[in-house]
Amino acid sequence: MDSFILKVEKFIEIFIEYNGYVKVLEGLKNTLIIAVLGLLIGIVIGILIATVRVIPKYKILPRILNGICSVYVGLFRGAPMVVQLLVFYYVMLPLLDIHMTGVQVAILVFGLNSGAYISEIMRGGIQSVDSGQMEAGRAVGLSFGTTMMKIVIPQAVKNILPTMGNEFIALIKETSVVSFVGAADLYVAFNYIGSNSYEFMVPYLVMAIIYILLVLIISLLVKLLERSLGKSDRRN
Amino acid sequence: MIDVINLEKHFGNNKVLNGINVTIEKGDIMVVIGPSGSGKSTFLRCLNCMEDPTGGQIIFNGENIADMKVDINKHRQHMGMVFQHFNLFNNKTVLQNIMLAPVHVQCKNLRKAKRQNVLRKCANCFRKDKKELNEITTTKKQIIDTAKEKALSLLKSIGLEDKADVYPSTLSGGQKQRVAIVRALAMNPDVILFDEPTSALDPEMVGEVLDLMKKLANEGMTMVIVTHEMGFAREVANKVIFIDDGQILESGTPERFFGNPKNPRLKDFLSKVL
Ligand SMILES: Nc1ncnc2c1ncn2[C@@H]1O[C@H](COP(=O)(O)OP(=O)(O)OP(=O)(O)O)[C@@H](O)[C@H]1O
Ligand SMILES: [Mg+2]
């Protein structure tokens, strides 16, 4: 027990005096930026792909788009996130001769990757909306796109909100691998503290607690959002 | 108003409609009856191209809307539709349900007119004889205000003005269907299509919906109604058609239709439902 207290003291010393907290804040910031921007990019891509996939396919263009989208989804769901990060950073960027920081690459890859997952979630959400809603919109003379945007997608989003919350949580957790491409996230921060004190027990414990707290807070936010969107279901 | 010429519809190999010919005049109340699965809904849904006909023509206001090239959304704005399961927009309040389409369509037209004016103004700088600009007499706010006023007065006419701001999930079936009818009315349609509007209702709510439909009929609305309510057909319709095997086997005034049916299938059908 004494030795544990010693370790905690050591941790606090490095955390405060050797700028450990700066690294941790920086790591937290990067973790959140990657997850949030990744999610936003993912939502945009996801809605686009999901819409393409539910458009009636009489014409040739929707069919071609649909083909492209299924290849995209297959590709990004087929490989682990770490592999995608590594391929992007060490294969694509040099080949295309583009320079990007680790964080930028991480945001991009997280966005592209979550776009593939979100498109499937979104498609399920759109298909879960009663087809009568689309029919009613078309019957009053609204176009497919307008009915989709004003009637179907808002209901789909409400239906999939819990799943989207889980997707965001999954993204937060997956950010722990971005150090593979040199992005400084929470793991890098606590690893720095650990290496400076030759002591990893407390830093990794604190890291675990921070991740768990993050996830708890997000779950709570999703619940609140769900409740405020749920008003059209309530009888009053 | 609607001329249906040789209308055909098949789903894959399943031939559902096999050459339907019928004319719906302005002010007609046409009731469509027939056994389950005979193609009544398919016929009705072909009238506004919710199902694309696979053959024949549907001439509405002088244009063949079965042609894939026409702007079907334009025509649907003049054809209301009421569904068996109401299909109110769940994410919109009752008032928003009624206002949505009128406001959207008019605002879209307004934007289009404004856009055209900008282009014409530019082009006019290079023209000798200037082209006239679209007259813009309204604003977005006016459109919304008028639509709201109209929606509220429609709601009042069905006694639901106090429900304007609630969501559809809080309404009873009969209330939902009456709101759905009013939603169709808000577009000032030339004709309203009803697909079994009372079939999903509890018996005690059927009356309120039929009463509203009767009121519309008396006001001269053109209506095409698929229904199993024979009493209603007899009382309100001026034309009844019997569809089976994808064809109109008999049609006529309700007196002749119910009083002196000729087709054996119709006789058989009527003996079962009456
Ligand atoms: N979207 C569709 N795809 C394939 N087949 C369909 C489709 N819609 C209808 N059908 C078929 O067309 C036939 C007629 O259906 P329809 O719904 O028009 O009958 P109905 O007369 O309205 O029957 P009901 O009184 O039960 O409503 C049925 O055999 C049905 O299986
Ligand atoms: Mg039917």
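Values quoted throughout were computed directly from the atomic coordinates according to the rules given, and no laboratory measurement underlies them. Treat the numbers as computed from the prediction; the structure is a model and nothing was measured. Here the Cβ is made from the backbone with ideal geometry for all residues, glycine too, and neighbour counts use every protein chain on show.
Put in line by how crowded their Cβ is, counting other Cβ atoms within 10 Å and starting with the fewest, B:ARG111, B:ARG265 read B:ARG111, B:ARG265. Listed by Cβ neighbour count within 10 Å, with the fewest neighbours leading, B:MET205, A:MET100, B:MET81, A:MET122 appear as A:MET100, B:MET205, B:MET81, A:MET122. Helix B:173-185 and the longest principal axis of the Cα set of chain B meet at an angle near 50°. Taking the DSSP beta bridges with both ends in the protein assembly as shown, the antiparallel portion is around 55 percent. In a simple Cβ point-charge model (Lys, Arg +1; Asp, Glu -1; nothing else charged), chain A has a dipole of about 1280 debye relative to its Cα centre. Computed from label points 7 Å out along Cα-Cβ, the spacing between A:LEU216 and B:ASP245 is 7.3 nm. Each label was represented as a point 7 Å from its Cα along the Cα-to-Cβ direction; for A:ALA208 and A:ASN196 these points are 2.3 nm apart.
Relative intensity of chain A on a log10 scale, I(q)/I(0) at q = 0.13 Å⁻¹, equals -0.88, per a Debye sum over C-alpha point scatterers of equal strength in the absence of solvent. Before rounding to the nearest 500, sum -39500 (n - 2.57) across all DSSP H runs of length at least 4 in the protein assembly as shown and divide by the residue total; then give [θ] at 222 nm in deg cm²/dmol. Theoretical 222 nm ellipticity from helices: -19000 deg cm²/dmol. With both partners inside chain B, how many of the DSSP beta bridges are antiparallel, as a percent to the nearest 5? Of those bridges, close to 55 percent are antiparallel. For peptide B:86-98, the mean count of partner chain Cβ atoms within 10 Å of a residue's Cβ comes to 5. Students often forget the sequence filter, so: which lysines lie under 17 Å Cα-Cα from B:LYS141 once same-chain residues fewer than 8 apart are removed? Filter leaves B:LYS108, B:LYS112, B:LYS114, B:LYS150. Helix screen, chain A: DSSP H segments with Cα axial length of 20 Å or more and mean Kyte-Doolittle hydropathy at least -0.5 are A:2-17, A:20-54, A:60-78, A:102-128, A:153-174, A:201-229.
Within straight-line reach of B:LYS272, meaning a Cα separation under 14 Å, sit the following aspartates and glutamates at least 8 residues removed in sequence or on another chain: B:GLU229.
Taking the Cα centre of chain B as reference, the dipole from Cβ charges on Lys and Arg (+1) and Asp and Glu (-1) amounts to some 1540 debye.
Label sites at A:LEU40 and A:LEU28, each approximated as a point 7 angstrom past Cα along Cα to Cβ, lie 2.0 nm apart.
With a 10 Å cut-off around each Cβ of A:147-157, the average count of Cβ atoms from other chains is 3. When the listed pairs B:LYS26/B:LYS74; A:LYS158/B:LYS92; A:LYS150/B:LYS9 are checked against a 22 Å cut-off, the alpha-carbon distance exceeds it for A:LYS150/B:LYS9. Bridging of A:LYS173 to aspartates and glutamates at a Cα separation below 13 Å is possible for A:ASP185, once same-chain residues fewer than 8 apart are set aside.
Shielding by partners for peptide A:125-137, expressed as the average number of C-beta atoms from other protein chains within 10 Å of each residue's C-beta, is 3. Ordered by the count of other Cβ atoms within 10 Å of each Cβ, fewest first, A:ILE60, A:ILE172, B:ILE98 give A:ILE60, A:ILE172, B:ILE98. Summary of packing: across the peptides A:190-203, B:63-76, the per-residue average of other C-beta atoms within 10 Å ranks them, highest first, as A:190-203, B:63-76.
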